[in-house]
1. Can you give me the number of residues within segment B:215-274 that are β-branched (Val, Ile, Thr) and under 16 Å from B:Leu177 (Cα atoms)?
2. Any chance you could count how many residues in segment A:42-88 are assigned to a loop (DSSP other than H, G, I, E, B), buried (at least 17 other Cβ atoms within 10 Å of the Cβ) and within 12 Å of the chain's Cα centre (by Cα)?
3. Looking only at segment B:55-77, decide whether some residue is in contact with a Lys or Arg (Cβ under 9 Å, 6 or more places away or on another chain), farther than 24 Å from B:Gly263 by Cα and surrounded by fewer than 24 Cβ atoms within 10 Å (Cβ to Cβ).
4. Quick one: is A:Gln87 out of contact with any Ser or Thr (no Cβ under 7 Å at 6 or more places or on another chain) and more than 10 Å from chain B (Cβ to nearest Cβ)?
5. Report yes if some residue within segment B:198-205 is within 11 Å of chain A (Cβ to nearest Cβ) and among the acidic types (Asp, Glu); otherwise report no.
6. Please determine, by comparing only the residues of segment A:21-41 that are over 17 Å from the mean Cα position of the chain (by Cα) and crowded, with 22+ Cβ neighbours inside 10 Å, which one is farthest from A:Ile190 (Cα to Cα).
7. Out of all the residues in segment B:86-140, which are under 13 Å from B:Lys217 (Cβ atoms) and surrounded by fewer than 18 Cβ atoms within 10 Å (Cβ to Cβ)?
8. Is at least one residue of segment B:216-227 polar (S, T, N, Q) and within 14 Å of chain A (Cβ to nearest Cβ)?
Amino acid sequence: MVETVLETHGLTMRFGGVVAANNVDFRLGRRELRCLIGPNGAGKSTFFKCVTGLQTPTSGTVYMRGQETTDWRPHQVASLGVGIKTQVPNVMDGLSVHENIWLAARRFLPSREASQRTRDIIERLGLGDLSRRDLGQLAHGERQRVELGIVAVTDPWLVLLDEPAAGMSAEDVERMTGIIYELNRTAAIIIVEHDMQFIRSIASTVTVFHQGSILMEDHVDRVMADPTVRNVYLGKNA
Amino acid sequence: MQNQFGRDAFALLVTAGVLVWIAPLVISTYTLTVLIVYGMLALSLGLIWGYGGILCFGQAAFFGLGAYTYAIAAINIGESTLPMLLAIIVPFIFAMMLGAMMFYGRLGDVYVGVITLVVTLILYRFINSTAGPQFVLGKARLGGFNGIPGFQTLNVPGNPDSYIWGDGLYYFAAAALVVVLLLVSWLLASPFGRIAVGIRENETRMSLMGYDVAARKTLLFALGAAIAGLAGALFANWAEIVTPSLFSLGQSAEIIIWCIAGGLGTRFGPIIGAAALAYLKFLLGQQTLVDNTVIMGLILVLFVLFLPKGIVPAVVSGWTTLFGRRGAGKATALRRNRAGRGAVSHG
């Protein structure tokens, strides 16, 4: 059996009377690529926030590489070597592309090595010409790419991406798929996504959320063929 | 980066040396001393607000705390060296505690502003109400609204009878400002400074990168308070009395205006803003035709409307357009875009 890098037991998150995530048991193996899908309000993003420490779950536990991280703050989770990209682009618009990525690298490396790795990543992402430009002046797709660079530069073993393809052009999505595959060579990845086409193109195991719980977990093709999932997505039995 | 800082420091030392030498030919050293003190005070807010994004409405609290710490310690000790150090350390520790409470409590910017404002008010009210004889710390009476006069002023370390005053105090204050400015420059060029700017730009991103944002903001806030404390101690030595008005809201507001007028996100902006506006206030104080708060208010409004980025960024970008060359500091250029917007929305 593959080593487990992320595990949740009975993860529950309540907002007043609303149960956003209900008793979620989840596990992710080393270097696995997993997509989380589900209709709006299914609890994907809540689950994502509980795992990353952006929110503290009402009950249940989260384990990363066997260590309990339930009540941890985001910076503690990230310090373990977890790369996180949130739903809204979270970048430093007033700083250059280089500075953005350097700051991420500097967390784990001394300044000089951080600069070296930053240059490497910028080349790999094809952002070389933009290196000194302020991030705020770049196009949406480029900023998303920089944010992936921020995640990738630290060599994470677990990567959590919330809607990475949102609002991107087909060309940008393709480029990003390439980056995700590359990351997947060394890291387990969770992608929260709406875009079914994107998920199909990545072709991996999919976990379907519905009304705060996990509905099913299977390969993308079987999930797509499943009548219950189709109903959930079309809202027939909701 | 190292080389850049070296050149930067050299240019700074030469410029400062020339200015310190020339300025007394135009303005009396007595006035210059207080301009320097205000410059240092503005720099302390410029550091945490311009580079850390922490808008502190109560920078005067640390200024007053430094001044009172100096006065009380000087009366008790009778020599100035240790009191000077205490005037830096006490505000630093106080700000550490206050900052930890605010930043670990994940308070938003507005609440940080409100809390720092209220702390200033509390200190002001408290010090004002200590006129009674029961308010004594060691040999020092707090004196309430009368303040504390007659403490040991700055002396040559180890020799309480040889005072540093007048021109001597001017050179001492100027040297202190240069040292603080060098330390601030070094700090901003270091990873700590760059990370602080990152936090100013996007706190969430920095914490998702694994940085302990609360700890770093607390430390930066405390460093700002330490600088304000040193300015307070120098002020106490200049005025030879400390009064509750050091903690007043007017004082706090003035520091913010200095920063806005001079240019946020630059090292020199707040210092220049403070010196220029304080000198203007001094000149206006010599006439009775117009009330100087009206002029100050007018200046603030004009700046926000027509020069929202402040003097220094405007001069730098003017220079760049004229001579087509990127101006003095990298940090200056870096902050140009955002300084203006920040200043307007907070002003």
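1. Qualifying residue count, segment B:215-274: 4.
2. Matching residues across segment A:42-88 total 1.
3. Checked segment B:55-77: at least one residue is in contact with a Lys or Arg (Cβ under 9 Å, 6 or more places away or on another chain), farther than 24 Å from B:Gly263 by Cα and surrounded by fewer than 24 Cβ atoms within 10 Å (Cβ to Cβ).
4. So A:Gln87 does not fit the description; no.
5. yes
6. It comes out as A:Ala21.
7. Listed by number, the residues that qualify are B:Met96, B:Ala100, B:Met101, B:Tyr104, B:Gly105, B:Arg106, B:Leu107, B:Gly108, B:Asp109.
8. Scanning segment B:216-227 turns up at least one residue that is polar (S, T, N, Q) and within 14 Å of chain A (Cβ to nearest Cβ).
The values are calculated or read from the model by the stated rules, or taken from the named source; none is laboratory data. Everything quoted here is computed from the prediction, not taken from an experiment. All Cβ positions, glycine included, derive from the backbone under ideal geometry; neighbour counts span all protein chains shown.
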